[in-house]
Structure formats: C-alpha cells, structure tokens
Amino acid sequence: MTVVQHLELDPRFESGIEMQDFRNAMASLAAIACLVTAGEGAARLGRTVTAAMLLTGTPPTILVSIDATSALAVLIRKRAGFSFAMLAVGQRDIADAFAGNARRSSGLNREAEAVAPPVIRV
C-alpha cells in the first residue's frame, strides 16, 4: 500500500477548462448532501458539503473538503472537531440553508453541547 504524505500540484498547470464550466459540472455530480458544523453559542458555523468520504472505521475517520482559509475551517481547527450529518432527500431546505440559498432560520433546531460541536435535530 502506498501512502501519500505530501502532494504538490504544479501551480503552472492550465487545463484549458473555464472555472465556471468546471463548477457547473461538479454541481451536477451525484452525491449525498452533508452538513459540516462547528462551534458553540453564537460562534457556530456550518456548510453543506458533497465532498466527503469515509477513510477508516478504526478509529472512525472521515474526510471532508472545506476551503482551508474559510471561517469554518478556522473554527474546526480551533475546536479540534466538527459535527457531520448526512441529509435525506426530503431535507433539501436544510441543505439549501447551509449552502447560502435560504435563510438559516428556516426552522432548524440547533442544540449546543458543552464539549461537542453543535448537533442539528431535524
């Protein structure tokens, strides 16, 4: 088995594909919508993500793709953890709310726990 410790991409590489075309193609990629949330109290943030995968069951480890410079990534590093929830087909309004397509006050019941990231109860 090969383990990649560090992968460096050539910043000079140009694919010739327009960024918006790439984003549109990726938006149509079939994937389950998931929520990644972190924080406590008023300092809670979350995003809808589709780039997520199981890495190992022992210890339970998942990989999610979040912009490393985003406020959510900063909060995840600060809190050393995050909540992860997979959404069902009928929960599109929740996915839209966390994707910035609807008001975040769309009836979600957020529960904060003292030592854990926020939990979304639907």
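The values are calculated or read from the model by the stated rules, or taken from the named source; none is laboratory data. Quick caveat: nothing in here was measured; it's all calculated off a predicted structure. Heads up: the accessible areas ignore ligands, DNA and RNA and are worked out on the full protein's heavy atoms, side chains in. Shrake-Rupley method; radii C 1.70, N 1.55, O 1.52, S 1.80 Å.
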With every protein chain left in place, what is the accessible area of residue 32 in Å² (1.4 Å probe, nearest 10)? 80
Rounded to the nearest 10 Å², what accessible area does residue 15 show when all protein chains are kept and the probe is 1.4 Å? 70
